Amino acid sequence: MKKKLLVIEPHSDDGMIAAGGLCRHLSVGYEISFCLVTASALNLSMGFVTREQRMAEFDEYVTLYDGSWVRPDIDGDALPLDYESRLDQIPKAKLVSFIEKSILAVKPDVLITTGPSFHHDHTAVYESVIAATRPTARFMPKLILISENPTYVHEGNVHLTSRPNFYFPLTEDIMSWKIDKFEDIFKSQIRPHENYLSSNGIKRWASYRGLEARCDYAEAFFIFSMVGTPCL
């Protein structure tokens, strides 16, 4: 039987930016499930994007990995919630319940989620994941990885910005594949060349993490919890 991976991400592009290469590697031996917490119509710096467009992009991203989209519902509300950039308005207990239902639906060996940051959506999802995997939880993944993105350079959490303790190396070919897929799928999220979350910014950040990991490029994570020595 294949192992199981669950990626819980606040926004539709968070997982690809943070762990697109690792997910490609794991897609060979893992069943991958994705949980998108929020998607809304927004006026972004690149222009107006609809909720439907963000969800369509996410669906294409899930398909890229032959994955499953986990969309639990509670009291008539289903993920993703129409509260992007407003997750602080959702009761924390309800967010935790959504995450708990997602985890129980998959029972993953490995869980990847976005780390806390200046963006309150990131922090709300991170804190909900930690609450959902508390010591008294009904299920606990063997490995929980906290991911990042290039904007985390502006983050006060030293564990995520300066002390990652797990690196996944990326070759030049895999890095190019990741950038190509990001540009192909997340057309509504492509930033100008100089932006931290542009294709150039994502590649430069991976190069910096690669320098730390003594390889060409890398995706960096913080191991929140690990039981045994899972092989990725």
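Read-outs throughout are calculated quantities, based only on the coordinates presented, and are distinct from any laboratory measurement. Here the structure is a predicted model, which means the values were calculated and not measured. As a convention, Cβ positions derive from the backbone with ideal geometry for all residues, glycine included, and neighbour counts pool all protein chains shown.
Summary of values
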read-out: Built amide H within the under 5 Å cut-off of Lys3, gap 5+; value: Glu31
read-out: J(HN,Hα) series, the stretch 140-145, from Karplus relation 6.51 cos²θ - 1.76 cosθ + 1.60, nearest Hz, glycine and proline x; value: 10, x, 6, 9, 10, 10
read-out: Once exposed loop chymotrypsin sites (Phe, Trp or Tyr not before Pro) are cut out (DSSP; at most 14 other Cβ, 10 Å), longest piece of the chain; value: 1-117
read-out: Net charge, Ala131 excluded, C-beta distance under 11 Å - Lys, Arg +1, Asp, Glu -1; value: 0
read-out: Residues whose placed amide H lies under 5 Å from that of Ala41, excluding near-sequence neighbours; value: Arg51
read-out: Förster radius 25 Å - calculated FRET efficiency between Thr229 and Ser27 (Cβ-Cβ, nearest 0.05); value: 0.70
read-out: Correct choice for Rg and Dmax of the Cα atoms in Å that was computed from the model, options [x] 18.0, 58; [y] 19.6, 67; [z] 16.4, 49; value: [z]
read-out: Glu219 long-range amide H proximity, modeled H, under 5 Å; value: Phe168, Leu170
read-out: Cβ-derived FRET efficiency at R0 41 Å, Asp216 paired with Leu42, nearest 0.05; value: 0.75
read-out: Karplus-derived HN-Hα couplings along the stretch 46-52 (A = 6.51, B = -1.76, C = 1.60, θ = phi - 60°), whole Hz, x at Gly and Pro; value: 8, x, 7, 10, 8, 4, 4
